[in-house]
Structures are given as C-alpha cells and as structure tokens.
Amino acid sequence: MGRPDPRPGRPGKRLIHDERLRADLELCDRWGIPHSQFLGGDGRWTARDREKAHAYLDYQNSLCPSCRTRYDEWDHGHDGEEDAYEVTVQRCVGCQVIADKQDELQRSGTDPHGLKVGLLPASVKAALDAQKALRPRRRHEDDEDE
C-alpha cells in the first residue's frame, strides 16, 4: 500500500487496482484479523494494518450500494474515457425459483408479512421432511410406552 493516501477518505490507487489485495482485506474484515496476521504474522495490529483497514473501509464506502461500482470508473462524457463495465443480462435460476414462489404465495392470498423464501439443498430438505414425518410417530410410540 505504500504511503498513506494524501486525500483522507479516499482509497489508495493500489487498493483500487489490486484485486488480490482487496480480496485479502475482505477476508481480513470478515474474520476480524489484521492483514499482517493473514500474511503469517503474530496477530498484533500494526500501524500499517490499521492504514490498510481504513483504506479498505474507504474503498467499500466509495462503492454504490446497489451495483457495487465506483463513480470514478464511469465515463462522464469526457473524451478518451471509457466505462469500466459493460451491461450483461443473465438469468439466475435460483432467483427465478424464489420469485416464482413469492408470486405463487401472493396469488394464493397468503399473508407475505414475515415470510422468507429461500433455497435449501434438496438433500437437506429431504432430511428435514423425513424428520418431520417421524416426529408424530415418535410421540405416538412414546404414548404407548407409558
């Protein structure tokens, strides 16, 4: 990361351009550890670790919360500038299935308040269904034992 960015509140160039460093700092942030520990150090927060953590926070705050791009990455009508991104369209089957289920629930008149529609691996769902199916039988068997 070199010297601290002379413009406080703005991420440094290395953090902007070095995807690997950003990925490392994302993991450090998630795990709550200093970057030097991630690299094999003893786990003490150094001044450099704190600078990196603040630069990473500044970088995260510079991203649009919706599309996760930075304002500076877009062509603002100046000659010679190019946008860093192209629009693509792709379908996520998981999101489609969730949206279909939400529509189905709404059409059926089910009150949507508090309902969360999510995805479970089929094997986990089958195990939960089997466990649920055994529950009443076990209660009945327990009643017979008394």
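Listed by first and then second residue, the pairs with beta-carbon distance under 7 Å, at least 6 apart or on different chains, first residue in the stretch 36-63 and under 15 Å from ASP24 (Cα atoms), second at pLDDT below 95 and among the acidic types (Asp, Glu), are ALA55/ASP5. The set of residues in the stretch 49-97 that are of a type in the set (Gly, Ala, Ser) and either touching a Phe, Trp or Tyr at 6+ places or on another chain (Cβ under 8 Å) or closer than 30 Å to PHE38 by Cβ (or both) comprises ALA53, ALA55, SER62, SER66, ALA84. Against the definition (open to solvent by less than 100 Å² (accessible area, probe 1.4 Å), free of Cβ contacts under 8 Å to residues at least 60 places away in the same chain and under 23 Å from LYS13 (Cα atoms)), how does ASP111 come out, yes or no? Here the answer is no, as ASP111 does not meet what is asked.
Within the stretch 49-65, not a single residue is over 27 Å from the mean Cα position of the chain (by Cα) and at pLDDT below 95.
The values are calculated or read from the model by the stated rules, or taken from the named source; none is laboratory data. Quantities reported herein were computed from a predicted structural model and do not represent experimental measurements. Positions of Cβ are generated from backbone atoms using ideal geometry, with glycine treated the same way; all protein chains shown enter the neighbour counts. Quick note on the areas: whole protein, heavy atoms, side chains included, nothing else; ligands and nucleic acids left out. Shrake-Rupley method; radii C 1.70, N 1.55, O 1.52, S 1.80 Å.
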